[in-house]
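Here's the structure, in structure tokens; my notes come after.
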Amino acid sequence: RSVMNQTYHNLRIICVNDGSTDGSLAILEKLAAEDNRIVIINQENRGLGGARNTGIKNTTSEWICFMDSDDKLRIDTFEILSKIIDSDIDLIHFGTEIIHEEGVAAIKSDEKYYAIKHKGLTKVTDSLFLNSDTSACNKLFRKSTIDKHNLHFEKILYEDFQFTHQYLAVSKNVYYVPEKLYMYLRRSNSIMSETFKKTPRAIDHLYAYNYVYEFLEKNNLL
């Protein structure tokens, strides 16, 4: 509903039902009956990256914003961003507010990681490439750039890291918006909460790095 209630109305809201078994489809169908901008796509479970890839394939607009199902947007997010969009901008990166689920302690490094370190139009440099947060949700991506370079989310955890770095590698600039427009819910059992624990999931960090390296090598960007 935080998307449905945006003050900017010219949106196509693609909801990918990724093999859910918890009644999500019924909720989506109820919302679609209220708002004809909602497009529901059902598929067998392919994971977060697979759901986003399906969304990309079904996107008809030039700009794409990804959103996780348990997060929210500030009500004027797309109104603010629509005034920034320009033909010379490759990527728009906006601020993130971290909201903690009850019982989840704040992590000091979160604020530092998601802090907007630039303002306005900024050239992509090695330093920016290496120090940007890699969330796919607090950014606007160009569909034409994604298509041109055949970018997609790999079937791994931390697929944001892989996709965002590959996108940055073929971008000349980023426009930074310091306002915290994306509200990210930090949950106790989330993938990110277990990132630095001793977990078998950690190996996916290496897979993500390898996908980025292979992309850079293939496109002569090293």
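Here are the numbers for the structure shown:
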item: Counting DSSP beta bridges with both ends in the chain, the antiparallel % (nearest 5); result: 40 percent
item: Rule-of-thumb Rg ratio for segment 1-112 [Cα; 2.2 N^0.38 Å; N residues]; result: 1.19
item: Rg [Å, one decimal], Dmax [Å, integer] - segment 56-143, C-alpha atoms; result: 14.5, 44
item: Accessible area per residue, Å², the chain with all protein chains present, probe 1.4 Å; result: 57 Å²
item: Cross-link partners of Lys155 among aspartates and glutamates (Cα-Cα below 12 Å; sequence separation of 8 or more within a chain); result: Asp204
item: Over 26 Å (Cα to Cα) - which of Lys30/Lys83; Lys30/Lys180; Lys123/Lys180 fall in this group; result: Lys30/Lys83; Lys30/Lys180
item: Sequence-separation-based contact order of segment 63-222, relative, with Cα cut under 8 Å and 6+ spacing, percent; result: 38 percent
item: Viscosity 0.890 mPa s, 25 °C: Kirkwood-radius Stokes-Einstein D of segment 2-63 over Cα pairs, µm²/s; result: 198 µm²/s
item: MRE, 222 nm, helices only [DSSP H, n ≥ 4, -39500 (n - 2.57), over the chain, to nearest 500]; result: -9500 deg cm²/dmol
item: Calculated diffusion of the chain, Stokes-Einstein form, Kirkwood radius summed over Cα pairs, 10 °C and 1.306 mPa s, µm²/s; result: 86 µm²/s
item: Leu185 long-range amide H proximity, modeled H, under 5 Å; result: Lys72, Ile99
item: Aspartates and glutamates with Cα under 16 Å of Lys112, excluding same-chain neighbours fewer than 8 positions away; result: Glu97, Asp133, Glu179
item: Two-site label geometry, Asn42 and Ser61: point separation in nm, points 7 Å out along Cα→Cβ; result: 2.6 nm
item: Size-normalised alpha-carbon gyration radius of segment 38-102, reference 2.2 N^0.38 Å; result: 1.33
item: Shape category assigned to segment 71-203 from the gyration tensor of Cα positions, a/c cut at 1.5; result: oblate
item: Spin-label zone in segment 1-16 - amide nitrogen under 12 Å from a point set 7 Å from the Cα of Leu185 along the C-beta vector; result: 1-2
item: Cut-off under 5 Å, modelled amide H: who pairs with Ser20 long-range; result: none
item: In sequence order, calculated HN-Hα J values of segment 21-26 (Karplus, 6.51, -1.76, 1.60; Hz; x Gly/Pro); result: 10, 10, x, 4, 4, 4
item: Percent accessible area from carbon and sulfur atoms, the chain, protein chains only, probe 1.4 Å; result: 52 percent
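The values are calculated or read from the model by the stated rules, or taken from the named source; none is laboratory data. Quick caveat: nothing in here was measured; it's all calculated off a predicted structure. Cβ coordinates were reconstructed from backbone atoms using ideal geometry, including for glycine residues, and neighbour counts include every protein chain displayed. Calculation scope for accessible area: heavy atoms of the full protein, side chains included, ligands and nucleic acids excluded. Shrake-Rupley method; radii C 1.70, N 1.55, O 1.52, S 1.80 Å.
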